[in-house]
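I have placed the structure first, in the form of structure tokens, so that the comments after it can refer back to it.
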There are 2 protein chains.
Amino acid sequence: MEIARTVEEARRIVRGWKKDGLDIGLVPTMGYLHEGHGSLIAAARKENARVAVSIFVNPTQFGPNEDLARYPRDFERDRALCENMGADLIFHPEPEEMYQGAQAFVDIGLLADTLDGAARPGHFRGVCTVVSKLFNIVQPDRAYFGEKDAQQLAIIKKMAFDLNFGVQVIGCPIVRESDGLAKSSRNTYLNAAERAAAPVLYRAIQHGKSIIKKGMPAQMLISEMEKVLAAEPLAKTEYVAVVDAMTMQPVDTIEGAVLVPLAVRVGSTRLIDNFSFAPQG
Amino acid sequence: MEIARTVEEARRIVRGWKKDGLDIGLVPTMGYLHEGHGSLIAAARKENARVAVSIFVNPTQFGPNEDLARYPRDFERDRALCENMGADLIFHPEPEEMYQGAQAFVDIGLLADTLDGAARPGHFRGVCTVVSKLFNIVQPDRAYFGEKDAQQLAIIKKMAFDLNFGVQVIGCPIVRESDGLAKSSRNTYLNAAERAAAPVLYRAIQHGKSIIKKGMPAQMLISEMEKVLAAEPLAKTEYVAVVDAMTMQPVDTIEGAVLVPLAVRVGSTRLIDNFSFAPQG
């Protein structure tokens, strides 16, 4: 496994692969890898001759009052995990290498205005920009993203299509702890009491899944799920929503394929989760 | 020479070239090709194993009150010229093929806020977006742009660097008519009287070149050039500016390398031209 810390080093390695006609899978991450990332690397390993993992805590997707500085980092552990999982390359640049004097950015309209985009202004611009850069540097055939960040996945699929990146964007299922909490690097922020409270997101999802059906008013589902969340004193609901699975726009009634995302603060930590539902027939 | 009208056809051809290890030069155009474009194709032909010319009147770079509908088109003439100049591929998509339902766009900050960016809001967003798409579709090693559109050239260089496109962006000198008028597809809009008046831009440039020197206040140069333009009754000056050659921001005094761009309406036709100046020592 090679480690590239500059764009030029990464390009040199990728050029070699391209010359040999090898297809490339990219797993973009912010590091502090967990089994969720592991499942993405495993999927990439299965489907590509070469696997690149990027580890970059991307400053442009954090708001001014967000957790950029305290975002957890442990490169040595990440390196070992990538090596064990058979990655061929870690791309691990410094922010200056990626953004010195940068003025160009990639944005997306409607899809980014709702949900996490509304809660975190500029977040998806930062995501689209860094993913564009990674696509251009690594030139992957396939790129792997977790379904936990469902809006991000929808946006990157749309961006890759709209800008003709020629990269197949692949979503992988949410990986959960045994009590249902979705794996996330941010789970490390939780103290013991918060950690015990955090599975309330999953309980809300389980309840939502048990009652959702075609023709149901979205507001009914939302209220039911909010009740579950409200029962947990340490949890403060930011949103529960029912949106069109493609456009991320709210729906009134559950008719077509929908995504049901939620964002909840447990203590000061913002956790997200979601489930999808497609009516039969 | 092949002609691709869809992204997929272009990709198929490019894939073949890449497989054979051939380097690719791209000349992005809006068609109605003149000797200016010809010089770009010639430069690309000289430096690349394969040359692609895109011919696409890009709707997203035209404002609502601009000349999208009347922009001149003559594909058969363009096709013949490309063939004669030894191009290997024309990429000639319809707007729907490029933009159906598109929401993603590429933007650039400071560089796009001045000059033509101020006069044509959204123009450079459209340019950056379509050039990003063309870069992703054609995957060129080198791309060729005319120095007539100097701000566009600076912006595309910056965008290619910032977003790590890995494309070398090459500017080619302005090609002029015998009376000095810069070649432009828009020159066809001029009636006989306007065409006779249009070389006033070149006369202003010649005058500017004759007096510019290190330490000169920018406003002095601008006033002198504006005087030349004002002497032509059919010409209405939109701007004459002195800007930093890299950042496109106005300078007060001529110290480092500058660009001196001008935009002038001759009748209802908006013409642009420019010259560069770098003080010795």
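Where a number appears in this text, it was derived from the coordinates with a stated rule and is not lab data. Since the structure is predicted, the reported quantities are computational estimates derived from the model, not experimental observations. Cβ: placed from backbone, ideal geometry, glycine included. Neighbour counts: every protein chain shown.
Around A:L40, with a cut-off of 14 angstrom between Cβ atoms, what is the net charge of the other residues, counting Lys and Arg +1 and Asp and Glu -1?
Taking every Cβ under 14 Å from that of A:L40, the sum is 0.
Quick one: check the C-alpha center-to-center distance for region A:165-200 versus region B:111-162, whole angstrom.
Centre-to-centre (Cα) distance: 40 Å.
Note the angle between two axes, namely the Cα long axis of helix A:150-162 and the longest principal axis of the Cα atoms of chain A, as a number of degrees from 0 to 90, rounded to the nearest 10.
The two axes meet at around 50 degrees.
Looking at the protein assembly as shown only, what percent of DSSP beta bridges run antiparallel? Nearest 5 please.
Here the antiparallel bridges make up roughly 55 percent for the protein assembly as shown.
Output the relative contact order of region B:39-163, whole-number percent, from Cα pairs under 8 angstrom with separation of 6+ residues.
Dividing the mean separation by the residue count of region B:39-163 yields 33 percent.
When only Cα pairs under 8 Å and 6 or more residues apart are kept, what is the percent relative contact order across chain A?
Averaging sequence separation for qualifying contacts and normalising by length gives 17 percent for chain A.
Roughly what % of DSSP beta bridges within chain A run antiparallel, to the nearest 5?
Given both bridge residues lie in chain A, the antiparallel proportion sits at roughly 50 percent.
Local charge sum around B:G25 (other residues, Cβ-Cβ under 13 Å, Lys/Arg +1, Asp/Glu -1)?
With Lys, Arg at +1 and Asp, Glu at -1, the neighbours total 0.
Which of the residue pairs A:K19/A:K148; A:K46/A:K158; A:K157/B:K148; A:K46/A:K183 have a Cα-Cα distance greater than 28 Å in the structure shown?
Those over the limit are A:K19/A:K148; A:K157/B:K148.
Divide the volume of the convex hull of the Cα atoms of chain B by its number of residues and quote the answer in cubic angstrom per residue.
135 Å³
Distance from the Cα centre of region B:260-279 to that of region A:58-109, in angstrom?
42 Å
Using DSSP loop states and a limit of at most 16 other Cβ atoms within 10 Å to flag trypsin sites (Lys or Arg not before Pro), what is the longest stretch of chain B containing no flagged site?
With a cap of 16 other Cβ atoms within 10 Å, the longest stretch comes to B:74-212.
Connecting C-alpha atoms closer than 10 Å in a GNM of chain B, tell me which of B:A80, B:A197, B:A235 has the biggest fluctuation.
The residue that fluctuates most here is B:A80.
Among A:M159, A:M85, which comes first, then next, by fewest other beta-carbon atoms within 10 Å?
Ascending Cβ contact count within 10 Å gives the list A:M85, A:M159.
Roughly how tilted is helix B:123-138, in degrees to the nearest 10 and between 0 and 90, from the longest Cα axis of chain B?
The angle comes out near 30 degrees.
Using only Cα atoms and rounding to the nearest 10 degrees, what angle (0 to 90) does helix B:75-84 make with the longest principal axis of chain B?
That works out to roughly 80 degrees.
Could you work out which residue, out of B:E194, B:E97, B:E238, moves most in a Gaussian network model of chain B, that is, has the largest mean-square fluctuation with Cα springs under 10 Å?
Comparing B:E194, B:E97, B:E238 in a Gaussian network model of chain B, the most mobile one is B:E97.
Using a Gaussian network model on chain A with a 10 Å cutoff between Cα atoms, which of A:A241, A:A52, A:A193 fluctuates the most?
Of A:A241, A:A52, A:A193, the most mobile in the Gaussian network model is A:A193.
Give a quick list of GluC sites (Glu not before Pro) in region A:1-84 that DSSP marks as loop, anything other than H, G, I, E or B, with at most 10 other Cβ atoms within 10 Å.
For GluC sites (Glu not before Pro) across region A:1-84 that sit outside H, G, I, E and B with at most 10 neighbouring Cβ atoms in 10 Å, the list is empty.
First select every other residue whose beta carbon is under 11 angstrom from the beta carbon of A:K133; then total the charges, Lys and Arg +1, Asp and Glu -1.
With Lys, Arg at +1 and Asp, Glu at -1, the neighbours total -2.
Counting only other chains, what is the mean number of Cβ atoms within 10 angstrom of the Cβ of each residue in peptide B:16-26?
Per-residue shielding by partner chains comes out at 1.
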